[in-house]
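Please treat every number below as a calculation from the coordinates, not as lab data. Everything numeric here is computed off the predicted structure, so don't read it as measured data. Note: ideal-geometry Cβ built from the backbone for every residue, glycine included; neighbour counts use all protein chains shown.
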Amino acid sequence: MLSRTGTFVGLILVMCVMSDQVAAQRPGINQDETKVPAFTLPEVLKLNDGGWVETADAWQAKRRLEVFNAMADNVYGHVPKKKVSVDFKLVSSWEVLDGAAIRKLVEVEFGDAPGNSASLLVTVPKAEAPVPCFLGYNFHGNHTTTDDPKVPITESWVRDRKSPSTKGNRANEAGRGTSASRWPYREIVDAGFGLATIYYGDVDPDTHDEFKNGIHPLFYEAGQTKPKETEWGSIGAWAWGLSRCLDYLELDANVDGAHVAVVGHSRLGKTSLWAGASDERFWITISNNSGCGGAALSRRRFGETVGVINRVFPHWFCDRFPEFSGQENDLPVDQHMLMSLIAPRAVYVASATQDLWADPRGEYLSLQNANGVYALYGDSAMDVNPPVADSPVVTNLRGYHSRTGKHDITLFDWQQYVKFAKRQLSK
Ligand code: GTR
């Protein structure tokens with residue numbers, strides 16, 4: 001009995017020490033809803049000259065650009081003015097999924113000099129007519145999205161994983177198919193959609209190297225060595241890369257270029273949102289567990305904060321964003337404005353119940369606080385309270401769910417995206 005009690009007390013002690021360690025690893029991080037500070041969001045419909053937007057025309061003609069510039073100036077940065085050529089080359093194509101689909105490997109070449117290219121992997125169902133398509137970045141290389149032995153292993157820099165699938169920032173055969181659960185090709189093809197993916201490190205390696213690698217240097221003017229204060233970081237560059245993939249998909253005879261949904265998980269969800277806001281050709285924008293700098297409202301300071309994200313990932317945003325570390329209320333924007341920029345196109349946001357780091361409630365609230373702009377296009381208002389777990393809530397143009405579970409993109413998430421996309425198609 002005594003020893004049992006001793007073990008029990010010991011266990012509690014260990015648990016206390018462990019939770020203290022967790023707190024110690026993330027000092028100043030709040031994951032308690034009752035401690036979210038009071039805040040007022042910037043008015044998305046208030047013009048810089050003090051007037052108010054009351055019509056969709058006024059939003060489109062005047063305010064949208066003001067909001068876009070404010071998001072770019074303070075968070076993601078602008079694409080530099082210099083023009084860089086982009087070429088596409090079909091490298092190979094073959095049948096997959098027991099003959100139900102065609103897979104193509106397309107080389108996307110950036111700039112005139114060789115050495116800057118990305119591999120876009122496009123999988124489309126065999127169909128009489130061009131199909132709607134999802135487009136999204138993958139984290140570890142195209143070869144990790146499927147067991148298909150014909151997909152080349154990326155030769156780009158990769159982040160080392162805790163497995164034999166990478167060594168010295170290079171990928172190898174052991175990684176093939178290791179992210180397949182995140183890419184349900186069969187279900188997507190069976191639903192009548194294409195799925196195009198590209199490795200984000202092909203466009204810009206996810207390391208802070210003062211912007212010497214990836215596509216940034218292609219845009220430098222003579223004498224320039226890094227982006228200017230309000231020019232893009234990595235998220236801006238990745239978003240630009242998605243637009244170039246869309247340029248290709250618009251040319252692909254198997255794809256309906258007017259129906260390309262951009263999708264991303266986590267940092268790549270931040271990227272899909274910025275891509276959807278920047279490029280009005282994207283049909284639907286989908287953010288999966290994108291969190292801080294993505295769907296989550298910065299002013300809530302719940303989970304990851306502006307200060308933390310800029311310290312840990314100094315290359316993701318523009319140079320001005322860190323000025324708001326701990327000063328979120330001074331930001332001229334918040335993430336509901338990012339959602340508003342997507343209107344009148346459709347947007348879907350997804351959270352996961354255990355992903356407190358990404359602030360599920362804050363992810364919902366930015367979508368909900370886009371009510372004003374979406375109402376200009378006849379969309380009904382979303383309730384201030386998020387729905388219960390695993391029960392998607394959809395309006396005409398917006399959708400949200402919080403999946404039970406951890407930070408990930410799963411079949412359940414994809415099923416909701418397919419359903420939402422079908423709903424948009426049927427309108
Ligand atoms: C985390 C980061 C998040 C999210 C995530 C991911 O370390 O704090 O903002 O982007 O990485 O992309 O997996």
Label Val84 and Phe39 with points 7 Å out from Cα along Cα→Cβ: what is the distance between them in nm? 3.2 nm
Starting from region 63-136, pick out the GluC sites (Glu not before Pro) whose DSSP state is loop and whose Cβ has at most 14 other Cβ atoms within 10 Å. Glu128
Just order 302-308, 246-252 by mean Cβ neighbour count inside 10 Å, highest at the front, would you? 302-308, 246-252
Could you give the length gained by full extension between His208 and Asp57, i.e. 0.36 nm per residue of separation minus their alpha carbon distance, to one decimal place? 50.2 nm
What nm value, rounded to one decimal, do you get for the distance between Lys419 and Arg320 when each label is placed 7 Å out toward the C-beta? 4.0 nm
In order over region 224-231: 3J(HN,Hα) from phi, Karplus 6.51/-1.76/1.60, θ = phi - 60°, whole Hz, x for each Gly or Pro, gives 7, 10, 7, x, 5, 3, 10, 9
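With the contact rule set at Cα under 8 Å and sequence spacing of 6 or more, what percent relative contact order holds for the chain?
Values: 875 pairs, mean separation 69.1, N = 427.
Worked out over the chain, it gives 16 percent.
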Whose amide H sits under 5 Å from the amide H of Ser380, counting only residues 5 or more places off or on another chain, with H placed in the peptide plane? Asn396, Leu397
Projected area averaged over orientations for region 94-169, convex hull of C-alpha atoms, nm²: 6.8 nm²
Dipole moment magnitude, nearest 20 debye, region 69-425 about Cα centre, only Lys, Arg, Asp, Glu C-beta charged: 440 debye
What is the magnitude of the charge dipole of region 101-245 about its Cα centre, with +1 placed on the Cβ of each Lys and Arg, -1 on the Cβ of each Asp and Glu, and no other charges, expressed in debye to the nearest 20? 460 debye
Rounded to one decimal in nm, the spacing of the 7 Å Cα→Cβ label points at Ala180 and Glu280 is 4.3 nm
Say the dipole of the chain comes from +1 at the beta carbon of Lys and Arg and -1 at that of Asp and Glu; which of Pro314, Tyr377, Ala61 then lies farthest toward its positive end? Pro314
Taking the alpha-carbon distance from Lys82 and a cut-off under 17 Å, which aspartates and glutamates remain once sequence neighbours fewer than 8 residues away in the same chain are dropped? Glu109, Asp112, Glu221, Glu229, Glu231
Identify all lysines with a Cα-Cα distance to Lys126 below 25 Å; exclude those on the same chain that are fewer than 8 residues away in sequence. Lys89, Lys104, Lys150, Lys419, Lys422, Lys427
Please compute P(r) over all alpha-carbon pairs of region 323-362, binned at 5 Å starting from zero, and give each bin as a whole-number percent. 6, 17, 18, 21, 21, 14, 2
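Provide, as a two-decimal number, the C-alpha radius of gyration of region 69-425 over 2.2 N^0.38 Å, N being how many residues it has. Spell out each step's value before the answer.
On the way: Rg = 19.1 Å, N = 357, 2.2 N^0.38 = 20.5 Å.
Taking the Cα Rg and dividing by 2.2 N^0.38 Å, one obtains 0.93.
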For region 132-250, state the semi-axes of the equivalent ellipsoid (square roots of 5 times the eigenvalues of the alpha-carbon gyration tensor), sorted largest first and rounded to whole angstrom. 28, 20, 10
